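The next block holds one structure in the form of structure tokens; read it before the comments.
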């Protein structure tokens, strides 16, 4: 389980304005980590 805790996902570089507004994202992979609670039950059941 320790291996799962240390996973480093490749996420795009995000560029923000000085007041915190997202301008753009750069990168090939657009992964967004989610918790198990955020995954729909129908998707979980599919596997």
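Every number here is computed from the coordinates shown, using simple stated rules; none is lab data. All figures in this text were calculated on a predicted structure; none of them were measured in a lab. Note: ideal-geometry Cβ built from the backbone for every residue, glycine included; neighbour counts use all protein chains shown.
For a quick check of your reading of the model, give me the residue pairs whose first member lies in segment 22-47 and is at positive phi, whose second is surrounded by fewer than 10 Cβ atoms within 10 Å (Cβ to Cβ) and not in a helix (DSSP H, G or I), with beta-carbon atoms closer than 6 Å and at least 6 apart or on different chains.
Taking only residues 6 or more apart or on different chains, the pairs are 27/13.
Hey, can you tell me all the residues within segment 3-21 that are assigned to a loop (DSSP other than H, G, I, E, B) and without any contact (Cβ under 8 Å) to a residue 12 or more places away in the chain?
Of everything in segment 3-21, those that are assigned to a loop (DSSP other than H, G, I, E, B) and without any contact (Cβ under 8 Å) to a residue 12 or more places away in the chain turn out to be 6, 7, 8, 17, 18, 19, 20, 21.
How many residues does segment 12-21 hold that are at positive phi and surrounded by 10 or more Cβ atoms within 10 Å (Cβ to Cβ)?
Filtering segment 12-21 for residues at positive phi gives 20.
Checking which are surrounded by 10 or more Cβ atoms within 10 Å (Cβ to Cβ) leaves us with none.
Going through segment 12-21 one residue at a time, the tally reaches 0.
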